[in-house]
Amino acid sequence: MLRKMLEKDRKRLKRKVHIRKTLSGTAERPRMTVTRSNRRLSIQIIDDTKGYTLVSASNLEKDLRNIKATVEGAAQLGEVMGKRLLEKNIKEVVFDRNGYLYHGLIKALAEGTRKAGIRF
């Protein structure tokens, strides 16, 4: 089983490197990157030209701890992130799925962010 997990992680990292060769965030269109585990979801908005994280949201935060790592929870976290982006006057981002396949949690998170009014 350990061997299977290592192979799964290796394939994801290979996809991640392939994606990141062409994706980068600017001040006008920062990069929205997603990290997930079995229990946690995290989103960061990064300006790659300066190397700064502009906005972040995670279900580790005190007021977001009730959001679970489910499809519904991912959609809620995406909406929270969309509201935070609009407060910072960011309307457009580049979506970096971080090597994860675009279905389930990642898709729900992206659609939740789009529902809040962010384009990518």
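General observations
- Tally of residues being crowded, with 18+ Cβ neighbours inside 10 Å and over 12 Å from the mean Cα position of the chain (by Cα) across the stretch 61-78: 3
- Checklist (1) closer than 25 Å to I19 by Cα; (2) of a type outside the set (A, V, I, L, M); (3) without any contact (Cβ under 8 Å) to a residue 24 or more places away in the chain applied to R65, failing item: (1)
Okay, residues lined up against (1) of a type in the set (G, A, S); (2) modelled with pLDDT of 95 or more; (3) under 22 Å from D9 (Cβ atoms):
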residue: P30; (1), (2), (3): no, yes, no
residue: N38; (1), (2), (3): no, no, yes
residue: I43; (1), (2), (3): no, yes, yes
residue: T49; (1), (2), (3): no, no, no
residue: D63; (1), (2), (3): no, no, no
residue: A74; (1), (2), (3): yes, yes, yes
residue: M81; (1), (2), (3): no, yes, no
residue: D96; (1), (2), (3): no, no, yes
residue: L109; (1), (2), (3): no, yes, yes
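- At least 2 residues being under 15 Å from A108 (Cβ atoms) is the threshold, and among the strands (runs of 3 or more DSSP E) wholly inside the stretch 1-85 those reaching it are 31-36, 41-47.
- Of the residues making up the stretch 68-98, those that are touching a residue at least 60 places away in the same chain (Cβ under 8 Å) and hydrophobic (A, V, I, L, M, F, W, C) number 4.
- All conditions in (1) surrounded by 14 or more Cβ atoms within 10 Å (Cβ to Cβ); (2) more than 17 Å from R119 (Cβ to Cβ) hold for L2, with the sole exception of (1).
- For the stretch 29-39, the criterion of a residue being farther than 22 Å from R119 by Cβ and over 14 Å from the mean Cα position of the chain (by Cα) is satisfied by at least one position.
- Test set (1) surrounded by 15 or more Cβ atoms within 10 Å (Cβ to Cβ); (2) farther than 23 Å from H103 by Cβ - V34 fails condition number: (2)
- Scanning the stretch 1-46 for residues that are free of Cβ contacts under 8 Å to residues at least 40 places away in the same chain and touching a helix residue (DSSP H, G or I) at 6+ places or on another chain (Cβ under 9 Å) returns a single hit, S42.
- Matching entry among A57, A110 (being in contact with a helix residue (DSSP H, G or I) (Cβ under 6 Å, 6 or more places away or on another chain) and among the small types (G, A, S)): A57
- Within this structure, S58 passes the test of being among the small types (G, A, S), surrounded by fewer than 19 Cβ atoms within 10 Å (Cβ to Cβ) and free of Cβ contacts under 8 Å to residues at least 24 places away in the same chain.
The values are calculated or read from the model by the stated rules, or taken from the named source; none is laboratory data. Since the model is a prediction, treat every value here as computed from it, not as a measurement. A quick note on method: Cβ atoms are made from the backbone with ideal geometry, for glycine too, and the neighbour counts reach across all protein chains shown.
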